[in-house]
């Protein structure tokens, strides 16, 4: 009798553990182009300028526990280079020439390592990463810190990163026979939505 009672206790305890344990799932999200924004800001000796990316692609693999982000396994993000638009055709052509879009069609970011994932709530995390950024065929490791917001079936990554064109062997574009020269510094601002 005692053996049977003990067996039911063990089975009952096991079932309680199974149903109350946190459930972790690996999930893949893809870039929602329409809900995403990437902007490149720069300077020149005449005025500041900006270009906005119109064609974004990529995916993100994460581990979720009860709707909370607990691990990022992979991020690959691509901007079609000639989808960067300033609203000024001449400037766009000079930019495409500088990054040699005939040969290098895309700008690519590939996650290499998550250095820190700090979630202040179930829906909000601060993430520090190291990844490879490839511009005009030159690949360089960069540290990017961004916010990750989880809402239902959507994760939005937002932040900004300052880089120099010369770090990627890009000569800053010139216009009007060299009278307009572009500064070396760029600021990339992003708000990229990934959905299931």
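Being part of a strand (DSSP E or B) and in contact with a helix residue (DSSP H, G or I) (Cβ under 7 Å, 6 or more places away or on another chain) is the filter here, so list the residues in the stretch 101-117 that pass it.
106, 107
Look through the stretch 167-181, keep the residues that are within 31 Å of the chain's Cα centre (by Cα) and over 15 Å from residue 139 (Cβ atoms), and return whichever of them is modelled with the highest pLDDT. Let's see the steps before the verdict.
Pass one, the stretch 167-181, residues within 31 Å of the chain's Cα centre (by Cα): 167-174, 181.
Okay, now just the ones that are also over 15 Å from residue 139 (Cβ atoms), so 171-174, 181.
On the way: 171: 90, 172: 85, 173: 78, 174: 70, 181: 81.
Checking each candidate, the answer is 171.
Does the stretch 83-95 contain at least one residue that is touching a helix residue (DSSP H, G or I) at 6+ places or on another chain (Cβ under 7 Å), at pLDDT 95 or above and within 18 Å of residue 31 (Cα to Cα)?
Yes, there is a match, as at least one residue in the stretch 83-95 is touching a helix residue (DSSP H, G or I) at 6+ places or on another chain (Cβ under 7 Å), at pLDDT 95 or above and within 18 Å of residue 31 (Cα to Cα).
Taking the options 103, 154, 196, 140, name whichever one is more than 25 Å from residue 72 (Cα to Cα) and surrounded by fewer than 15 Cβ atoms within 10 Å (Cβ to Cβ). Show your work before the answer.
Working: 154 fails: more than 25 Å from residue 72 (Cα to Cα); 196 fails: more than 25 Å from residue 72 (Cα to Cα); 140 fails: more than 25 Å from residue 72 (Cα to Cα).
The unique qualifying residue is 103.
Examine the stretch 164-177 for a residue that is under 15 Å from residue 69 (Cβ atoms) and without any contact (Cβ under 8 Å) to a residue 60 or more places away in the chain, and state whether such a residue exists.
Looking for residues that are under 15 Å from residue 69 (Cβ atoms) and without any contact (Cβ under 8 Å) to a residue 60 or more places away in the chain, one finds none in the stretch 164-177, hence no.
Does the stretch 60-81 hold any residues that are surrounded by fewer than 18 Cβ atoms within 10 Å (Cβ to Cβ) and not in a strand (DSSP E or B), and which are they?
Here is the first cut: in the stretch 60-81, the residues surrounded by fewer than 18 Cβ atoms within 10 Å (Cβ to Cβ) are 61, 63-68, 70-71, 73-74, 76, 80.
Selection gives 66, 67.
Are there any pairs, at least 6 apart or on different chains, whose C-beta atoms fall under 7 Å, with the first in the stretch 67-81 and on the phi > 0 side of the Ramachandran plot and the second outside any strand (DSSP E or B), and if so, which?
If the second residue must be outside any strand (DSSP E or B), the pairs left are 67/122.
Can you find a residue in the stretch 50-59 that is surrounded by fewer than 16 Cβ atoms within 10 Å (Cβ to Cβ), more than 30 Å from residue 123 (Cα to Cα) and at pLDDT 90 or above?
Within the stretch 50-59 (the criterion being surrounded by fewer than 16 Cβ atoms within 10 Å (Cβ to Cβ), more than 30 Å from residue 123 (Cα to Cα) and at pLDDT 90 or above), the answer is yes, since at least one residue qualifies.
For the stretch 132-165, how many residues are over 25 Å from residue 182 (Cβ atoms) and under 11 Å from the mean Cα position of the chain (by Cα)?
Residues meeting the conditions: 8.
I want to confirm something. Restricting to the stretch 6-49 and keeping residues that are part of a helix (DSSP H, G or I) and modelled with pLDDT of 60 or more, which single residue is surrounded by the fewest Cβ atoms within 10 Å (Cβ to Cβ)? Spell out how you get there, then give the answer.
In the first step, residues of the stretch 6-49 are kept if they are part of a helix (DSSP H, G or I); the result is 6-20, 33-35.
Those still in the list that are modelled with pLDDT of 60 or more too: 6-9, 11, 33-35.
Working: 6: 10, 7: 10, 8: 9, 9: 10, 11: 10, 33: 15, 34: 7, 35: 14.
Checking each candidate, the answer is 34.
So which residues in the stretch 82-100 are in a helix (DSSP H, G or I), out of contact with any strand residue (DSSP E or B) (no Cβ under 6 Å at 6 or more places or on another chain) and without any contact (Cβ under 8 Å) to a residue 40 or more places away in the chain, if there are any at all?
Across the stretch 82-100, the qualifying residues are 82, 89, 93, 96.
The values are calculated or read from the model by the stated rules, or taken from the named source; none is laboratory data. This structure is a prediction, so every number in the text was calculated from the model and none was measured. Cβ coordinates were reconstructed from backbone atoms using ideal geometry, including for glycine residues, and neighbour counts include every protein chain displayed.
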